[in-house]
Structures are given as C-alpha cells and as structure tokens.
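Below you'll find the structure, written out as structure tokens, and then a few comments.
What follows is calculated from the coordinates using simple rules that are stated; it is not laboratory data. Treat the numbers as computed from the prediction; the structure is a model and nothing was measured. Note that we place each Cβ from the backbone using ideal geometry, even for glycine, and neighbour counts take in every protein chain shown.
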Amino acid sequence: MNLKTHKLFTRPYLNKTDFVFLRILFLLACVAFLMILGIFWFLFEMSLPVLKEVGIVKLLSFQWNPALGDYGILPFVYGTLMSSCLALLMATPMSIAAALFITEIAPSKISKPFGFLIELLAAIPSVVYGLWGLFVLVPWIRNVVHPFFKSYFSWIPWLQGPSYGIGLVAAGMVLAIMITPTITAICKEVFGVTPQILKEGVLALGSTQAEMIQIAVIGSGHKGILGAMGMGLARALGETMAVTMVIGNNPEILSSIFSPHQTMASVIASEVTEAHGLHLSSLGVVGLVLLVIPGFIFGFTRYFLQRRKKR
Amino acid sequence: MSVYSLRLGLRFLGIVMFCVGVSPSSHSSPLMVNGAGATFPYPIYSKWFSVYEKISPQVVFNYQPTGSGGGLRQLFDETIEFAGSDYFADAKLLAKSKKKYLHFPTVIGAVVLVYSLPGYTEPLKLTPKVLADIYLGKITQWDDKAILKDNPHLQEALTKNKLKDILVVRRAEGSGTTGLFSEYLSRVSEDWNVKVGRGTALHWPVGIGGKGNEGVTFFVHQVPGSLGYVELAFAKTLNLKTAWLQNPKGKFIEPNIKSLTEAALDVGKRVTPELKTDLLLSEENNAYPLSAVTYLVVPQEASPYSKPIQQFLLWMLNEGQKYIEPLHYAPLPEVLLKKVKEQLNQMRTQEPYEPKNS
C-alpha cells in the first residue's frame, strides 16, 4: 500500500507510535519552513524605515554614501553578480575537466584520491581562503597579472586602472577555487550516469576517446552541467568572508574588472557593526536582495536538475 | 552553651549581616563615563584615560574611536557623555540638538601624507597643487613630471622597483581627519573646491576607502606605491615615511613636533571665543601646513558626569601635558591653554557631588 496516497491526517496507521511519530516529523518540518519565512519577515521589517523614507527608486541608484544620505545599492548588486560570473567562468572549465578526468580517463587508483582532494577544497574555511587571497593572490595580481594585461591588452578598457591587486578579479579567483568542488561533484554524478550504450555506440562508429567524451558524455550531460553551474553560482553569490577580504570595499561601479568594488554580502559584513538608523535599514534591503537572488537561482537549478534526472 | 544563647547569637549575626549588606560598601563599582569619536587623537586619549584611571579609580573613562562624525552624532543623541572630534561642529549640526556644547581643544596633531615607495630613501616632497591633483585623479603615476620636478631622484627608485601607479587611499567613513584634509585641499586648490569641496564624507574622485586611521595606515604599510593621509601618531607607530609638504612660505616642511608647534605660534589671532582654532596653512616660516587641534566636546549643562569630566580636563591641562610629546603630538601653547582653563569654568556641574570612594 502506498502510504502517501491518503490525506495527511486521515491515513490509516499501523499503531499509536506511528501516529505520534509522524505528527512530530510534520512539526519539525514546519519549523524549518517557518524559519525561512521568519528570516524573510525579519529582513522585511528591518528594511521598512528606509523604504518608507527614501523610497525604492533612490535605493536603486548608483551612489552609496551613507554619511551623505545616499543609499543606492546597485553597486553591490553589480559587484556580486560580476565577481560570481567571473568565478563561474574560471571554475567551470576546470571543474568539468576534473570531473571528466575522474570518471572517464583516470584509473580508479588515481581517480579516488584525486576526487577526494578536490572535495577537501570544500572543507577549507572561507576565512582561510580570504587570508591566502590577501597575502598570496593579491600581490601576485598586483605585481604580475594586472601589469601583464595592461601592457599586452592595453586596448581593452575593462582591464586597465591602477594595480591595487584587490578587486573583482581577486574575488573571482578566490570564489572560483571555492566553487570548484561543488561543480565537480555534481558533474561527476552527471557523467557517471551517461548511458553505457551511447558511449559504446559512438566508439563503435569510429570515434576517438576525445570525440566520444564530447558527443556521448558531455552531449548527454549538458543539462546537468548547467545545473552544476547554477549550484556553483548560488554558492558564489552568497560567499562573504573570503570576498570581503579581497574585494576592496569600494561602493562604485568601475569599468575595469581589476578595480576594487563591493559585494552585497561583504558590505553587510563590513558596515553592520557601525550602522544605525537608515544606514542599518538599507543594509536590511541589501540582505533582502541577497536572499532573493541566490534563492531564486538555487531553486531554479534544483528544478532543472530534477528534470534532467527524471529523464 | 544553651540553645537559647545560640539562637540569640545567630539572630545577632543575622542583624549584623543585614546591616553590612545594605550599607554602601567602600568598594562599589566605579562611575563609567563613555565617549566616542575621532581616531585622530586616539593614541593620546587612551594613554591619558589609562593613567587617569590609576590616579582616580572611582571614575573610568571609556573612549571608542569610531570617527568624529559618529562621535558627535552619538553625543547629540545623548548615548554618550563626551565626544572627540577633529572639527568644530558647525551651527547646522549644533542646531540638531537642544543642548549647548563646549569644545575643548586638547592637543595639536597633524594630517600627514604617508606613502610606500621602497627604494626611495629621500623624503617625498609634495606641493599643494600636486597633492590636490593626485586626489582629483589628474596625476595617476609616480613618474609624472610634476612629481619628478620636486623629487629628481625618484625616477631611479621607481624603475628599479617597478612602481608605476599611485594607489590612492582615503577614508571610508565620516571622519574628522577627512574634514581637515578636505578643508586644506579646498583652500589650496580651486579645482578641488569646486569639484569636491569640504566635509567629513565626500564624493571622492579616486581612491579606495580604509576604515579609520588604522585602516589607511595598514593599507599603506602593506601595498607598495600607495599614498594615504593619516594622523601623525599613526604614521610613527608603523614607521611609515611622511611626505614633506610645501607651506605658504614655499619651504618643504617635515611633519614633527617642532613644525606642529610652529604652526600654533600665532594662535592668538586664529582662535574664536568659542575656542574654534584653525591652524591650517599657518604663515610661520617653518610651520607644517596641515596642523590642527582636536577637541573634546561636552554638554555645558550639569549632569552627574560634569564634575568628573571637569576634574579630568583639569588634570589633563596640568599633569597630563607630559604624555603628549612622546606620542608625537604637540601640546597646546600657553595662550590657548589659558583659554581652555577659563572655558572649564563655563561647565555647570551638579553640586553637591560625592565621589563614591572618599
């Protein structure tokens, strides 16, 4: 008998223990659900003062200067989206390659420790990433990477500007390393369930292993790859500590990706301790936006992945 | 011993303990006087407060360096008892509060330009115009002709250490140090005055924001090729090199206690009756042009905190003076000290005041 076909509270139960147990489970599930609603409500209440006094239109402007009464949050939205997209751009090729290596190419003696090491990357605390970024990555970008781009690609305006080191590129690189384990893990799953018959068929028609991977593995797994990227993106959008240490704390939108910017998560972390009144309230608005955007992406990609698996 | 006398003894003990419990104890908790504000004088204030706590343990002063803007705001909101500010609160700001406030100049400090140019051992010489142009974003590289004119040997150091861009740092939050710096720039550069102006928080054309004097100092210490403005004491603690600024007499002046004291030589003409003191761009020969006093702002009306604050200020004006120079600030000249002592009497205090530990 399928226990889930009957309505929630009128199902036949085998004994009294079941009766109580299942109701307790229901209650606990409600608690989790209510917490999410509660957080959303709390942020909404926190945002009300500035929404009433300053209005949504002024909040959606490009000037953030609380000491002068400007509460435009768009620079943070740009910073978050740009750093996360850069991270995704840098991480996806690496992650797909790693997943392919593990599932298709490497013998299990190598693929098992390799996979383990990649998953170890996910275990490193984000503040440690920030520390490494600040003292190793940032000087490298300042002294090597940025001057290289400035001298050989001086015709691209998005790569110019003074070489601070900290900025969108630094944050993007740190985020890329942080989201690689996420994308790799999901891609591993996706590639693992490539239909064997498809792989054998392609090989039988005379393809090389490289072509087989392209046609059969990636060809049948591209929806899953998109789902993996979505999960990685969602993770990158919310990352706070590591980004705060290398993004540069500059609430502006500048043309160069090497320039310091600011993200939604890091402006909240940096300014909440000394914010008051409308400033604090506008940080609540930032929090709301931060909740909605990744939440949306997260939900969307989960749905996308489910669809793929069902096929 | 009979039960009767035991019970009597216990009752007596109980009464004694009760009396001891309700009487004011001789070691009650000290009075906490809270203040906040400018990071500019934080080194000397924290030294004073810790020394004063040993002398007068029944009163403890607590000072949070959050920036002049935040300090004044909290004072007007009446969440703290005194504030530290590098700028004299103007009429518009004072109108926001119903009370009257007194500004007490405490020490002379200076806004100095700190920089990191490894390999360049001579002091960096900057004219006001060059400085304004750097912060306006018009001069972006260290090997600009205008900078090299006053610093001929800079080019070798730049090429040897591959330094090119000027990495400009300024303050992220509302800051009195910024107020002083922008006031100076507005007076020496018409361009700056028109495009940016004066104030504690500005729409900066270039530069990234550090938090507090400490944040800017940390950044310049870490990043080669950077330039920032901080209070002199902070530059000295991390041993950062300070630029020599050209003063109105045309000489490049190193910021130190001597040049700060020089800036206050003609203070008699530069102080208002409310003790607003302006030491910027002093006409003295060897004065550092970015010198300034910093104020302790207190409410004029009486409160339980008025007498302790008044007593601290009196101590500060006498015994406290010897701690100033070792921390790289300059003491107020005699002329100004006298005026500060006179203004102390304007503070209304609550009488009678009983210190808890007499």
Kirkwood-Stokes translational diffusion coefficient of chain B, alpha-carbon pairs, 4 °C, 1.567 mPa s, µm²/s: 58
Ellipsoid semi-axes in whole angstrom, largest first, where each is sqrt(5λ) of the Cα gyration tensor of segment A:239-288: 20, 12, 9
Debye log10 I(q)/I(0) for segment B:9-164, one point scatterer per Cα, at q = 0.09, 0.12, 0.19 Å⁻¹: -0.58, -0.80, -1.09
Percent of C-alpha pairs per 20 Å bin, the protein assembly as shown, short to long: 15, 37, 29, 15, 4, 0
FRET efficiency for B:Met17 and A:Asn15, using Cβ-Cβ distance with R0 set to 56 Å, rounded to 0.05: 0.35
Estimated vicinal HN-Hα couplings, Hz - segment A:277-289 in sequence order (Karplus 6.51, -1.76, 1.60; Gly, Pro = x): x, 5, 4, 4, 4, 5, 5, x, 4, 4, x, 4, 4
Computed helical MRE - 222 nm, chain A, DSSP H runs ≥ 4 contributing -39500 (n - 2.57), nearest 500: -21500 deg cm²/dmol
Nonlocal amide H pairs with B:Ile166, under 5 Å, H built at 1.01 Å: B:Gln141, B:Trp142
Among A:Gly238, A:Gly277, A:Val202 the positive-end extreme of the charge dipole of segment A:189-311 (Cβ point charges): A:Val202
log₁₀ of I(q)/I(0) at q = 0.11, 0.16 Å⁻¹ - segment A:200-311, Debye sum with one point per alpha carbon: -0.57, -0.85
Under 5 Å, built H, 5+ apart or other chain: amide partners of B:Leu279: B:Val293
Karplus-derived HN-Hα couplings along segment B:34-39 (A = 6.51, B = -1.76, C = 1.60, θ = phi - 60°), whole Hz, x at Gly and Pro: 9, x, 7, x, 3, 7
Rounded D (µm²/s) - segment B:74-200, Kirkwood Rh over Cα pairs, Stokes-Einstein at 25 °C, 0.890 mPa s: 142
Cα-based radius of gyration of segment A:83-177 once divided by 2.2 N^0.38 Å, which approximates compact folds: 1.30
Dimensions (Å) - segment A:118-248, Cα atoms, principal axes, largest first: 55, 36, 20
Vicinal HN-Hα couplings computed from phi for segment A:122-133 (Karplus, 6.51 cos²θ - 1.76 cosθ + 1.60; Hz; Gly/Pro x): 6, 8, 6, x, 5, 5, 5, 4, x, 4, 4, x
Segment B:59-121: trypsin sites (Lys or Arg not before Pro) falling in loop per DSSP and having at most 15 other Cβ within 10 Å: B:Lys96, B:Lys98, B:Lys99, B:Lys100
Net charge dipole size for segment B:51-120 [Lys, Arg +1 and Asp, Glu -1 on Cβ; Debye, nearest 20]: 240
Distance between segment A:173-194 and segment B:106-124 - C-alpha centres, whole angstrom: 49
Ratio of the Cα radius of gyration of segment B:138-198 to 2.2 N^0.38 Å, where N counts its residues: 1.40
Estimated inter-spin distance, A:Lys112 and B:Lys100, nm [label 7 Å along Cα→Cβ]: 8.5
Cα pair count fraction exceeding 23 Å, expressed as % - segment B:126-277: 40
Paired Rg and Dmax values of chain A, which use every Cα atom, in angstrom: 23.8, 77
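Evaluate the charge dipole of segment A:123-233 about its Cα centre and quote only its size in Debye, nearest 20, assuming +1 on the Cβ of each Lys and Arg and -1 on the Cβ of each Asp and Glu.
Its charge dipole is roughly 260 debye.
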Debye intensity ratio I(q)/I(0), log10, segment B:257-318, q values 0.15, 0.17, 0.18 Å⁻¹ (C-alpha model): -0.59, -0.70, -0.75
Three semi-axes of the equivalent ellipsoid, segment A:35-147, Cα gyration tensor, whole Å, largest first: 41, 21, 14
5 angstrom amide H check on B:Leu102, placed H, neighbours 5+ away: B:Val298, B:Gln300
Set of aspartates and glutamates near B:Lys96 by C-alpha distance (under 18 Å), chain-local residues within fewer than 8 positions excluded: B:Asp77, B:Glu78, B:Glu81, B:Glu301
Using alpha carbons only: equivalent-ellipsoid semi-axes of segment B:210-358, gyration tensor based, whole Å: 33, 21, 13
